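**Q** Submitted below is the structure of interest, expressed as structure tokens.
The values are calculated or read from the model by the stated rules, or taken from the named source; none is laboratory data. What you see is a predicted model, and the numbers here were worked out from it, not measured in a lab. Neighbour counts are summed over all protein chains in view; Cβ atoms, including those assigned to glycine, are modelled from backbone coordinates with ideal geometry. The protein model used for the area step is the full one, side chains on, heavy atoms only, and it has no ligands, DNA or RNA in it. Shrake-Rupley method; radii C 1.70, N 1.55, O 1.52, S 1.80 Å.
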Amino acid sequence: MGQKVELACIIDDDKIYVNLVKKIIEIKKLSENLLIYKNGKEALDYFKEIMENVTDEDKLPDIIFLDLNMPVMDGWEFLNEFIKIKNQLNKKITLYVVSSSIDPRDLERARSFNLVTDYLIKPIELKKFEKIFDKTAA
């Protein structure tokens, strides 16, 4: 395992899940830094702010783990807004939808967004998590 993911981002309002993922990332040293947002709007505001200042592109995450069910702006709304700005970003961002929903319609809908790399069902097992980071860092 040579390269590391510089910056990962979790958009999720589930504190327990977020703390668990944070611990895994720290213990396994999967990412240098971590951004955490409680809803899609917080994350989107951050991305838009970065875009206004082109020299801050390195502050954009390499990988995003997006929950679907959140207050204020849920994962679906975030995806719809993120699509509009993604082309203006000069960085490849890998995005995973992470949800406890096993509804095939959610799976289908998430896969209909070409910027979604995969749909992961909570809880994510450690091995799969490490693989995702390895793939993103490569």
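**Q** For R111, R105, give me the order by solvent-accessible area with a 1.4 Å probe, most accessible first, ignoring ligands, DNA and RNA.
**A** On the way: R111 135, R105 175 Å².
Highest to lowest solvent-accessible surface, that is R105, R111.
**Q** Once a ≥ b ≥ c are taken as the square roots of the eigenvalues of the Cα gyration tensor of the chain, is the result rounded (a/c under 1.5), prolate (a/b larger than b/c) or oblate (a/b not larger than b/c)?
**A** Values: a/c = 1.42, a/b = 1.02, b/c = 1.39.
Judged from the Cα gyration tensor, the chain comes out rounded (a/c under 1.5).
**Q** What are the lysines whose alpha-carbon lies under 17 Å from the alpha-carbon of K59, with same-chain residues fewer than 8 places away excluded?
**A** Straight-line reach from K59, under 17 Å: K4, K48, K86, K91, K92.
**Q** Loop-only GluC sites (Glu not before Pro) in region 22-130, please: DSSP not H, G, I, E or B, and at most 12 other Cβ atoms within 10 Å.
**A** Values: sites: E26, E32, E42, E49, E52, E57, E77, E81, E108, E125, E130; in loops: E125.
For GluC sites (Glu not before Pro) across region 22-130 that sit outside H, G, I, E and B with at most 12 neighbouring Cβ atoms in 10 Å, the list reads E125.
**Q** Which percent of the accessible area of the chain is formed by carbon and sulfur heavy atoms (probe 1.4 angstrom)?
**A** Values: 3980 of 7870 Å².
Here carbon and sulfur together make up 51 percent of the probe-accessible area.
**Q** Related question: Straight-line reach from K15: which aspartates and glutamates have a Cα under 15 Å away, not including same-chain ones fewer than 8 places off?
**A** Partners within reach: D67.
**Q** Something else now. Show the residues, 5+ positions off or on another chain, whose built amide H is closer than 5 Å to the amide H of I10.
**A** L35, I36, Y37, F65
**Q** Okay, next question. Taking only Cα atoms and a 10 Å spring cutoff, compute GNM fluctuations for the chain and point out the largest among P123, P61, P104.
**A** Highest fluctuation of the listed residues: P104.
**Q** Hey, another quick one. Hey, what's the chain come to in accessible area per residue, 1.4 Å probe, Å²?
**A** Working: 7870 Å² over 138 residues.
It amounts to 57 Å² per residue over the chain.
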